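Read-outs throughout are calculated quantities, based only on the coordinates presented, and are distinct from any laboratory measurement. Just so you know, these numbers come straight off a predicted model, no measurement behind them. Cβ placement follows ideal geometry from the backbone for every residue including glycine, while neighbour counts extend to all protein chains displayed.
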Amino acid sequence: MHSSPSTVVNLEASNADFEFDALNEAVNYRRALTREFSHYLKGKILEVGAGIGQMTREFRGLPDVSHMAGLEPDSRFHERFAHNNPGVELFRTITAELPDDLGLDGIVSINVLEHIEQDQAELSNWFRLLRERHGHACLFVPARPEIYAPIDKDFGHFRRYTRPELELKLITAGFKVERLVYFNLIGYFAWWFNFKARRNRTFGATSVRAFDRYIFPVGHWMETNFLRPPFGQSLLAVAKA
């Protein structure tokens, strides 16, 4: 995997495919994330850490996205990205090596920043790429250090974030934070039970499908229609350059 001194991806991840096949069952989850960010994804958008392009496929279908591109330094995922997103531009490098003049209106990144040791430097790179057009960074990361589990280490996670920590890092990078909320309260307890308490090291497609079809939609509806939770499995952030 390509890395640089300022943006080092965790090379010690032992889960080589990040359970992509099992997580492909998370249809409602992906759609919910797309809706959460849809208001801010307009114009020319870059997905940082696109992997095999599961989320890219969702984002490029948004009506206000005129140009969608992915960035993925890991060559293992390039072929599947192209298969999932035919004709979509893919940068096979890291953000530190991208030029300033790409004309980006937005950057979106789903469960990527936690893999980067120097995450503050990575956010500064995003700000550099978005500064010219005052674009939005749409960011989704694992939350709450107390539920960091063996599977987090397997995935190559350096950390799980708290809300104050992520807010400070975005502001330090130069961003104005417009939205920062915890996401998926039920998932917090499911992660703690399955991966922290029971120390499971894999996802099962059947369990992912069941959670996505029957449990997640109810919890997410409550969170979006009544009250955002005081903690959750993940953090969702929108920040403007």
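Structure values in brief
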{"quantity": "Furthest towards positive pole of dipole, Leu170, Ala197, Pro99, structure part the chain, Cβ charges", "calculated": "Ala197"}
{"quantity": "About the Cα centre, charge dipole magnitude for the chain (Lys/Arg +1, Asp/Glu -1 at Cβ), debye", "calculated": "680 debye"}
{"quantity": "Above-threshold pairs, the threshold being 23 Å between Cα atoms, out of Lys42/Lys240; Lys42/Lys153; Lys153/Lys240; Lys169/Lys196", "calculated": "Lys42/Lys153; Lys153/Lys240; Lys169/Lys196"}
{"quantity": "Residue order, fewest to most surrounding Cβ atoms within 10 angstrom, among His220, His67", "calculated": "His67, His220"}
{"quantity": "Helix 216-225 vs. the chain, principal-axis angle (Cα, 0 to 90°, nearest 10)", "calculated": "60 degrees"}
{"quantity": "Nearest-ten-degree value, helix 119-130 long axis tilted from longest Cα axis of the chain", "calculated": "50 degrees"}
{"quantity": "Ranking of Ser207, Ser109, Ser124 by count of other Cβ atoms within 10 Å, fewest first", "calculated": "Ser207, Ser124, Ser109"}
{"quantity": "Mean separation of Cα contacts under 8 Å (6+ apart) over length of the chain, as relative contact order %", "calculated": "24 percent"}
{"quantity": "Under 11 Å, Cβ to Cβ, from Gln233 - net charge with Lys/Arg +1 and Asp/Glu -1", "calculated": "+2"}
{"quantity": "Residues Arg209, Arg60, sorted so that the one with the fewest Cβ neighbours within 10 Å comes first", "calculated": "Arg209, Arg60"}
{"quantity": "Most positive-pole-ward Cα, Leu180, Phe211, Pro229, against dipole of segment 140-238 from beta carbon charges", "calculated": "Phe211"}
